[in-house]
Amino acid sequence: MSMTGNELFVKALQKEGIDYLFAYPGGYAIDIFDELYKQDSIQVILPRHEQGLIHAADGYARATGRTGVCLVTSGPGATNLVTGIATANYDSVPLVCFTGQVPTNLIGNDAFQEVDIVGITRGICKYAVTVRDRKDLGRIIKEAFYIANSGKKGPVLIDLPKDIMLQEGDEQYPKEVHIRGYKPSSGVHMGQLKKAMTMMKEAKKPLFLMGGGVNIGRANETALALAETTRIPVITTIMGKGSIPTGHELYVGNVGMHGCYAANRAISECDLLFSIGTRFNDRITGKIDEFAKNAKIVHVDIDAASISRNIQVDIPIVADAKDAMEAMLKHIKCCEHKEWLDEIADWKNAHPLDMDQNKGITPQKIVQCINEQFEEGIFVTDVGQHQMWVTQYLEMDEKKQLLTSGGLGTMGYGFPASLGAKFAYPGKPVVCVSGDGGMQMNIQEMATAVAYGLPVIICIFNNSYLGMVRQWQQLFYDKRYSSTCTRRRKTCSANCKGPGKNCPEYTPNFVKLAESYGAYGMRVEKEEDMAGAFQFAKGNTDAPTILEFIIDSDELVLPMVQGGKPLHNMILDC
Ligand SMILES: Cc1ncc(C[n+]2csc(CCOP(=O)(O)OP(=O)(O)O)c2C)c(N)n1
């Protein structure tokens with residue numbers, strides 16, 4: 001029996017066990033949508049913008065570890081995916097993105113809604129290809145799912161010309177893949193690992209640096225076992241936060257530009273840095289020549305290309321984080337580093353992450369309130385100051401997950417990603433923290449959240465500014481707040497220096513905006529109202545709730561290491 005490409009497409013997704021397809025229709029995908037209409041095992045989710053759609057698929061994938069799947073039309077539908085593809089690529093999120101394409105005889109003819117999406121995305125995804133022959137369709141889809149969720153995970157794009165999808169052909173969907181030249185690393189090089197463990201035994205000041213690879217590899221339990229067995233303290237990147245519970249005695253904190261004092265000091269003074277699943281990007285390293293200057297460096301990463309790219313390491317180990325840590329646990333013996341742990345404890349005591357008690361509502365206190373209000377859940381951030389406050393102050397253990405755009409730092413990511421997480425886990429609280437700037441980048445997805453009855457709780461830290469950029473302007477540009485005020489109106493003077501007492505109302509009014517979509521909203525201006533606001537939001541189980549927290553524009557994320565400076569040069573106070 002033969003079937004059309006569209007029929008095979010639906011069959012393939014069913015065989016892959018896909019439950020949600022995040023999709024937006026258009027002329028060159030309409031036949032696929034028609035085919036999807038005839039089935040009901042896959043729920044097709046219609047967001048309001050393709051960028052919202054791909055971030056939702058990404059949130060679903062990060063929350064579950066499964067592959068997120070997108071389908072959009074050609075041309076503008078496809079280009080609207082680009083930021084989401086790059087976001088997923090940076091943070092190793094498995095996605096399969098299908099784009100409609102003009103018929104093969106029109107490709108290259110400047111046809112209506114034609115773009116070379118494969119060319120556009122080649123540099124920002126693991127694999128991108130146009131299906132040129134109906135007989136290859138099943139194999140390519142199978143390969144796409146395999147590539148996306150194996151080795152170093154990431155997005156894959158499959159471009160589907162309309163004529164190919166209408167053609168009759170083979171109904172077989174392959175069971176297995178054989179891709180020449182694609183061999184995701186498997187197993188651990190024991191020789192290298194043993195050398196690293198010998199170094200570990202000899203070290204006086206060893207330190208684990210856990211990155212996103214630990215969370216992506218769902219290796220948290222193993223990471224905890226390893227830390228406890230070796231008694232080696234742990235610092236994390238933002239993407240690695242939660243590798244071990246934040247309340248654990250061996251947990252020091254996040255490292256890097258907004259890392260805590262003790263973690264940044266520890267990395268500068270350790271004699272062995274055992275890093276797992278991190279890329280050493282510039283936000284983590286600060287000035288490269290000064291990075292972990294006294295340390296031998298071991299680097300475990302699934303991606304051979306990430307090793308010794310930014311930081312020259314002494315022992316490279318190409319392996320999955322969990323495999324490597326499990327292998328170590330089989331051989332390692334306990335060691336004690338009392339003096340080193342005491343030294344770190346002293347740094348922690350000398351400069352804890354501060355929380356000003358006399359200022360009314362502060363961003364730190366809102367995160368603390370979130371800690372008190374939620375014992376479990378999925379916490380999703382957008383990008384900016386609020387993201388850093390969450391990554392600094394959110395308490396995490398195995399019952400909590402943090403989703404954030406770490407590598408690309410994509411404003412507009414948080415809210416739609418929280419919807420993807422809520423689709424995946426309708427029974428878990430999903431809390432999105434966003435800025436007044438970032439929230440407006442994909443605000444249209446309020447309609448999606450209401451349409452599908454997704455009661456996510458959205459906390460907007462409204463500081464009337466694009467706060468993170470303003471922070472840089474305050475610290476390094478002599479308070480020249482160029483283009484960062486979000487309350488500016490046409491009535492503002494040309495040289496206005498930012499909001500003051502006589503400024504117009506907050507804009508937009510997020511409470512009214514939520515209500516206009518059929519959602520709930522509450523503005524919170526006093527510290528004593530915070531807990532009640534969360535109770536209100538928790539009580540709204542049929543639609544999302546926006547809690548708009550009004551915070552001071554002058555609040556800074558501290559500590560801060562200025563870009564390019566060594567990690568031990570921290571701005572602690574202003
Ligand atoms: C799509 C995108 N555009 C621009 C930036 C640069 N950027 C980083 S943080 C930031 C300000 C974010 O402001 P807001 O959303 O209000 O959050 P806040 O920093 O105030 O918490 C900007 C403009 C970005 N990261 N992403």
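With +1 assigned to the C-beta of every Lys and Arg and -1 to the C-beta of every Asp and Glu, and no other charges, what is the dipole magnitude of the stretch 457-556 about the Cα centre in debye, to the nearest 20?
It comes to approximately 620 debye.
Give the average over all directions of the projected area of the C-alpha convex hull of the stretch 45-133, one decimal, in nm².
Mean projected area for the stretch 45-133: 5.9 nm², to one decimal.
In Å³ and rounded to a whole number, note down the convex hull volume per residue for the Cα atoms of the stretch 259-351.
In the stretch 259-351, the Cα hull volume divided by residue count equals 106 Å³.
To the nearest 0.05, what FRET efficiency results for M190 and Y425 with a Förster distance of 35 Å applied to their C-beta separation?
0.40
Based on the Cα coordinates of the stretch 434-532, what is the per residue volume of their convex hull in Å³?
Expressed per residue, the convex hull around the Cα atoms of the stretch 434-532 is 125 Å³.
Put +1 on the Cβ of each Lys and Arg and -1 on the Cβ of each Asp and Glu in the chain; which of T410, T67, F549 then has its Cα farthest toward the positive end of the dipole?
Working it through, the farthest residue towards the positive pole turns out to be T410.
For each pair in K152/K204; K422/K512; K296/K365; K241/K365, compute the distance between the two Cα atoms and list the pairs where it is over 28 Å.
Too far apart for the 28 Å limit: K152/K204; K296/K365.
How big is the gap, in Å, between the Cα center of the stretch 369-405 and the Cα center of the stretch 331-368?
Centre-to-centre distance over Cα atoms comes out at 17 Å.
Per the Kirkwood treatment, what hydrodynamic radius in Å, one decimal, follows for the stretch 18-73 from the mean inverse distance over all distinct Cα pairs?
By the Kirkwood definition, the hydrodynamic radius is 11.4 Å.
Evaluate the charge dipole of the stretch 180-236 about its Cα centre and quote only its size in Debye, nearest 20, assuming +1 on the Cβ of each Lys and Arg and -1 on the Cβ of each Asp and Glu.
Once rounded to the nearest 20, the dipole reads 260 debye.
Relative contact order of the stretch 361-557: what whole-number percent is it, with Cα pairs under 8 angstrom and at least 6 residues apart?
The normalised contact order for the stretch 361-557 reaches 23 percent.
Which whole-number percent is the relative contact order of the chain (Cα, under 8 Å, 6+ apart)?
Over the chain, the number comes to 14 percent.
Tell me, what is the 1.4 Å probe accessible area of E525, in Å² to the nearest 10?
110 Å²
Pull out a ≥ b ≥ c, the square roots of the eigenvalues of the alpha-carbon gyration tensor of the stretch 188-348, then state rounded if a/c is under 1.5, prolate if not and a/b is larger than b/c, and oblate in the remaining case.
rounded
Once you order the gyration tensor axes a ≥ b ≥ c over the Cα atoms, which shape class does the chain get: rounded for a/c under 1.5, otherwise prolate or oblate by comparing a/b with b/c?
Judged from the Cα gyration tensor, the chain comes out oblate (a/c at least 1.5, b/c at or above a/b).
If the only charges are +1 at each Lys and Arg Cβ and -1 at each Asp and Glu Cβ, what is the size of the charge dipole of the stretch 215-312 around the Cα centre, to the nearest 20 debye?
160 debye
So what's Rg/Rh here for the stretch 361-557, counting alpha carbon atoms and using the Kirkwood radius for Rh?
The Rg/Rh ratio comes out at 0.96.
Give the Kirkwood hydrodynamic radius (Å, one decimal) of the stretch 1-168, defined as one over the mean of 1/r across all pairs of different Cα atoms.
Hydrodynamic radius (Kirkwood, Cα pairs) of the stretch 1-168 is 15.4 Å.
Using DSSP, restrict attention to beta bridges with both residues in the chain and report what percent are antiparallel, rounded to the nearest 5.
5 percent
Taking the stretch 471-574, which trypsin sites (Lys or Arg not before Pro) meet the DSSP loop condition and have no more than 14 other C-beta atoms within 10 Å?
K479, R480, R489, K490, K497, K501, K526
Note down the Stokes-Einstein diffusion coefficient of the stretch 343-463 in µm²/s, whole number, using a Kirkwood radius over alpha carbon pairs, 10 °C, and 1.306 mPa s.
105 µm²/s
Please go through the stretch 1-85 and write out the chymotrypsin sites (Phe, Trp or Tyr not before Pro) that DSSP classes as loop and that have at most 16 other C-beta atoms within 10 Å.
Passing both the DSSP loop test and the Cβ count: no residue.
Trypsin sites (Lys or Arg not before Pro) within the stretch 368-471: which are DSSP loop residues with at most 13 other Cβ atoms inside 10 Å?
Passing sites in the stretch 368-471 are K399.
Using only alpha carbon pairs under 8 Å that are at least six residues apart, calculate the relative contact order of the stretch 96-180 and give it in whole percent.
Reported relative contact order: 42 percent.
If I stretch the segment between L572 and K490 completely, what's the gain in nm (0.36 nm per residue apart, minus their alpha carbon distance), one decimal?
So the chain would gain 25.8 nm between L572 and K490.
The values are calculated or read from the model by the stated rules, or taken from the named source; none is laboratory data. The structure presented is a predicted model; accordingly, all values stated were derived computationally and were not measured. Virtual Cβ from ideal backbone geometry, glycine too; neighbours counted across all protein chains shown. SASA here: full protein model, heavy atoms, side chains in, ligands and nucleic acids out. Shrake-Rupley method; radii C 1.70, N 1.55, O 1.52, S 1.80 Å.
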